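Inspection log for the structure reproduced underneath, given as structure tokens.
The values are calculated or read from the model by the stated rules, or taken from the named source; none is laboratory data. Remember, predicted model here, so these are calculated numbers, not experimental data. Counting neighbours? That spans all protein chains shown, and the Cβs are built from the backbone with ideal geometry, glycine included. Quick note on the areas: whole protein, heavy atoms, side chains included, nothing else; ligands and nucleic acids left out. Shrake-Rupley method; radii C 1.70, N 1.55, O 1.52, S 1.80 Å.
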Amino acid sequence: MSQGKPTPLSGFPEWLPAGQLVQRQVIDTLSRTFELHGFAPLSTRAVEPLDQLLRKGETSKEVYVLRRLQADSDDPADASGLGLHFDLTVPFARYVLENAGKLQFPFRRYQIQPCWRGERPQEGRYREFWQADIDVVDRDTLSPHYEVELPLVIADALGALPLPKATMHVNNRKLSQGFYTGLGLSDPMAAIRIVDKIDKIGPAGVGAALAEELGASDAQVKACLALAEIRTADGSFADRVAALGVSDPLLDEGVEELTRVVEAAAEHAPGLVVADLRIARGLDYYTGTVYETFLDGAEALGSICSGGRYDNLASAGTESYPGVGLSIGVSRILGRLLGRGELTATRTVPTCVLVALPDDASRPACDRIAATLRRRGIATEVAPAAQKYGKQIRFAQRRGIPYVAFPDAEGGVEIRDIRSGDQAPVTLESWQPPADDLHARLSTE
């Protein structure tokens with residue numbers, strides 16, 4: 001039954017084969033890097049109860065609700081109110097609470113999965129997207145050195161990919177909250193959420209919102225905007241904050257914690273971190289250091305890696321599990337780089353070797369050649385049809401397959417590098433392609 005050409009759904013990217021290979025390579029690279037730093041893999045379910053998804057500041061307008069088309073009113077699964085997770089932090093917190101008795105703390109995990117968020121699609125922003133998270137959680141207390149360690153892990157992960165230089169902008173929620181409290185604003189947490197929109201609505205928009213929603217005076221608005229303008233690559237931001245003349249114990253604590261992060265990063269990864277006091281992170285569960293990361297030359301794309309310290313997201317009764325985490329927007333990065341042709345795969349298929357087919361009667365023998373190479377970890381396929389060798393070679397070229405194997409009547413095999421034209425007899429049990437040819441690789445060409 002003909003249905004006509006389907007219409008793509010906006011915000012739900014489906015990359016072409018080369019893009020799919022790029023995404024897999026990126027995910028594999030991130031996984032290897034995270035595991036080198038001792039993070040264990042984790043996967044959680046796609047759905048969470050709505051009361052859990054919405055309890056920490058997320059807007060209900062962006063949460064996708066899950067229900068059956070023919071829902072039964074007496075079915076608890078339909079009545080419970082389930083939604084697709086919009087990030088991986090909330091489900092991770094739930095997972096920790098459910099499995100706390102079986103986990104060893106501090107618990108280090110990485111998680112690479114799709115998420116769903118009902119926002120307006122644009123470059124780098126999708127309704128279905130992949131994220132790659134790392135978190136460290138502990139029981140009751142969490143050492144502040146993890147707030148320094150995680151940015152360094154992310155630096156290694158991003159540095160292993162062919163990406164533009166990344167710069168991580170950091171702030172501290174205690175610093176912001178303490179400043180707004182000392183300034184006398186009626187709702188410091190609301191002020192944080194307003195300032196978090198400064199890149200979207202600009203300083204004038206932030207000032208107007210502070211005045212309208214919190215009744216901020218002109219002097220208070222001026223001080224808030226002055227704080228948001230502070231950006232330094234070292235600990236000198238502390239002197240600039242002090243010069244604004246606002247005092248509060250929580251402010252002092254935040255300044256001290258942020259100084260520690262910035263100075264340690266400057267020592268171990270120069271150029272990675274800058275203190276940027278406009279960074280706020282709108283979600284309410286952050287309580288300490290917060291991070292947003294931008295690619296040099298692609299700042300308009302927004303943050304490609306964000307996160308922060310949280311102390312109260314995972315708690316049950318008297319027990320709490322504070323943590324710190326960072327999340328890389330895999331789809332956000334790929335959407336830009338793939339869409340602009342700035343990143344691709346060296347070939348569009350995993351195949352390293354194409355076994356040429358002399359005639360249809362030779363297919364069993366060609367299948368045996370392919371099986372021998374596959375047993376040695378070399379991705380191999382047999383040509384789809386017994387065409388002239390020139391056509392079979394062009395078939396390989398169009399897909400980026402670097403080698404073609406030609407069987408002969410005596411049971412021998414010659415392999416040609418179709419890029420150089422070099423061809424020689426080989427022993428299948430010992431022949432090995434160069435490491436760069438064995439798998440499809442990321443390419444910026």
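A few remarks follow.
- Near pairs, Cβ below 6 angstrom, 6+ apart or cross-chain, from segment 86-100 (buried (at least 19 other Cβ atoms within 10 Å of the Cβ)) to any residue that is hydroxyl-bearing (Ser, Thr, Tyr): PRO91/THR44; TYR95/THR44; VAL96/TYR321
- Residue in segment 290-300 that is more than 27 Å from GLN122 (Cβ to Cβ) and of a type outside the set (A, V, I, L, M, F, W, C) present: no
- No other residue among ASP140, ASP187, ASP218 is under 30 Å from ALA269 (Cα atoms) and open to solvent by 40 Å² or more (accessible area, probe 1.4 Å) apart from ASP140.
- The set of residues in segment 202-247 being among the basic types (Lys, Arg) and free of Cβ contacts under 8 Å to residues at least 40 places away in the same chain consists of LYS222, ARG240.
- Odd one out for LEU338 among (1) in contact with a Phe, Trp or Tyr (Cβ under 8 Å, 6 or more places away or on another chain); (2) within 30 Å of GLY288 (Cβ to Cβ): (2)
- Any chance LEU258 is at pLDDT 95 or above and under 22 Å from PHE294 (Cα atoms): yes
- Per-region count, segment 394-439, residues among the charged types (D, E, K, R) and not in a loop (DSSP other than H, G, I, E, B): 8
- Selected residue [without any contact (Cβ under 8 Å) to a residue 12 or more places away in the chain and either touching a His at 6+ places or on another chain (Cβ under 6 Å) or open to solvent by less than 70 Å² (accessible area, probe 1.4 Å) (or both)] from ALA371, ALA396, ALA385, ALA365: ALA371
- Answer from GLU123, GLU128, GLU149 - the residue that is acidic (Asp, Glu) and at pLDDT below 90: GLU123
- Within segment 96-129, if we keep just the residues that are of a type in the set (A, V, I, L, M, F, W, C) and part of a strand (DSSP E or B), the residue that is farthest from VAL47 (Cα to Cα) turns out to be PHE107.
- Of everything listed in (1) farther than 23 Å from GLY19 by Cβ; (2) touching an Asp or Glu at 6+ places or on another chain (Cβ under 9 Å); (3) surrounded by 15 or more Cβ atoms within 10 Å (Cβ to Cβ), the single unmet condition for ASP437 is (1).
- Here the strands (runs of 3 or more DSSP E) wholly within segment 261-354 that include at least 1 residues being touching a Lys or Arg at 6+ places or on another chain (Cβ under 8 Å) and among the polar types (S, T, N, Q) are 289-295, 305-310.
- Residues in segment 369-393 that are assigned to a helix (DSSP H, G or I), among the basic types (Lys, Arg) and under 21 Å from LEU438 (Cβ atoms): ARG374, ARG375.
- Within segment 400-418, restricting attention to residues that are among the charged types (D, E, K, R) and at pLDDT 95 or above, the residue that is surrounded by the most Cβ atoms within 10 Å (Cβ to Cβ) is ARG416.
- Consider segment 34-60 and keep the residues that are within 24 Å of ARG108 (Cβ to Cβ) and among the charged types (D, E, K, R). The one that is modelled with the lowest pLDDT is LYS56.
- Checking the stated criteria, ASP252 turns out not to satisfy the condition of being of a type outside the set (A, V, I, L, M, F, W, C), free of Cβ contacts under 8 Å to residues at least 24 places away in the same chain and open to solvent by 60 Å² or more (accessible area, probe 1.4 Å).
- Output for segment 148-177, where each listed residue is open to solvent by less than 10 Å² (accessible area, probe 1.4 Å) and touching a strand residue (DSSP E or B) at 6+ places or on another chain (Cβ under 9 Å): LEU150, PRO151, VAL153, ILE154, ALA157, MET168, VAL170, ASN171, ASN172, ARG173, SER176
- Listed conditions (1) under 23 Å from the mean Cα position of the chain (by Cα); (2) more than 24 Å from TYR146 (Cβ to Cβ) are all met by ALA361, apart from (1).
- Unique residue being closer than 28 Å to GLY335 by Cβ, among the hydrophobic types (A, V, I, L, M, F, W, C), surrounded by fewer than 20 Cβ atoms within 10 Å (Cβ to Cβ) and in contact (Cβ under 8 Å) with a residue 40 or more places away in the chain when the list is ALA280, ALA269: ALA269
- Tallying residues that are among the small types (Gly, Ala, Ser) and open to solvent by 60 Å² or more (accessible area, probe 1.4 Å) within segment 314-352 yields 2.
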